[in-house]
Amino acid sequence: MSILEYSVAKKIYNNLTGISPAPDEIQIISKKVDVEYTDLSGTNFVIDIGNIPEGCVLINSHLDISIPFIDASENTCTMSAGIGTMEESYIDYPIPNDYRKLIFDQLALSSVGVFAIQGEKSGNSDDKTLNAQLNSIALLFNMPGIWSAGGALSGIKAQMDGTGTTTTGIIAGGRDVGGSYLTTTEEYNGFTFSTGGSLNTGRGVLRLAGAEYAGLSYGGDTGGTSAVTEEYNGTAWTGSNALNTGVDMHAGCGTQDAALSFQGDPIAAVEEYNGSSWTAQNSMISGLYNLNGAGTQSAAVAFGGYNGSLYFTTTEEYNGLNWSMSNDMNSVRRRGSDAGIQTSALMAGGYDGVTVYYSCETYDGTTWSFGNDMSRERRRAAGFGSSNDAVVAGGIEQAGGYATTSTSEEYHAVSLTDLTQGSLTFYVTYTHV
């Protein structure tokens, strides 16, 4: 066996279109390799891309290989898959220097990403040298990300919210297993939660924005809708000017100095915060509450929700002035956990009136796609981070109750670097006549 090592060009290959679902990452292996052998019975071309990380799904592939004819008068050359199946795109011949260029699409690779293609020449020839060229191979992967266990909260709780990153995040408020309103704040360092400063007013279904050292909490349920606003400096919460309209079961996003609160109960409430006071803004198109959202004050996205009788897949985008409709989610749900920005958002868990979800969906600014499931179903859990790195903590695992778990889960998207860590090898195998 002759083994030729080659490298991977980490770049996006834009020439393959019409792929559904759209790939998150595309890997290009592009290098011409000349292989000399002395056998007329055939050869196997095997490309081993290493182990595909958990969560990656190969959705398409494209192979470009050139095999010459030893005798130009013999025009027979067969290609067949040794592992997996393939659909031949075209065979282009004759080619200068008696080469035939073969391009195959939609190779069905095994779970470890190995396939073989065999080229065989018919007839006889005195010439016992064949130079085969691997021109390029493109492997298209859908990489929805992987969930893993995170640190535990200090106690069982739900109806809280979170903000920040997966290494500097905070969760505040909520309700415990008995339904009591909580003032607790917990800070996350990427491994464990620790106790932070307490809210001045305990609230459930409140919203947070900003960062661990510059956080904002607003609205919520205290037995009735609340307009309370508090700012966090990493140590303590301080009261600020209240919302113009008390609200709970709302969505929100932004920073401590530029936050957005939208919908909820009452449904029409949309307000912007400038670091000091709140100002009413244009209402959303859909009249929903128990919805989710992500983004910034001038580029937000709202998704899901409930109108008192029906559950929705609705998505709306905000440009700092007006709301517009976008493509719906794939499943109806309310009060899941959210993270991200307008063009890259995550929705995890939630509830459709019957089922509490394990599943998550990701939004690319245009369409929603299903990701990998969490380890357990959750609704009214806190979420924070980005669409690529997020934490979901606490929540309710059933239709009823105030809170049922103190566990958390971390979501990490699989990157192209993760995909190409394996040894990438071009093999040529032959048998002497």
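Read the figures in this text as sums done on the coordinates, not as results from a lab. All values derive from a computational prediction rather than experimental measurement. No Cβ is skipped: glycine too gets one built from the backbone with ideal geometry, and neighbour counts run over all protein chains shown.
Structure data summary
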read-out	value
Linear extension gain, Ser148 paired with Asn327, 0.36 nm per residue minus alpha-carbon span	61.5 nm
Added length on full extension, which subtracts the Cα-Cα distance from 0.36 nm per residue, Tyr213 to Val177	10.1 nm
Ranked by how many other beta carbons lie within 10 Å on average, peptides 221-229, 360-368 from highest	360-368, 221-229
Which of Val332, Gly304, Pro266, positive extreme of dipole for the stretch 236-360 (C-beta unit charges)	Val332
Anisotropy class of the stretch 146-413 from Cα gyration tensor, a/c 1.5 cut	rounded
Cβ charges +1 (Lys, Arg) and -1 (Asp, Glu), total dipole of the stretch 146-413, debye	460 debye
Cα-projected label distance for Asp364 with Thr168, points at 7 Å along beta-carbon direction, nm	3.1 nm
Ranked list, fewest to most other Cβ atoms within 10 Å of each Cβ, for Tyr306, Tyr273	Tyr306, Tyr273
Efficiency of FRET between Ser194 and Thr355 - r from beta-carbon atoms, R0 51 angstrom, step 0.05	0.90
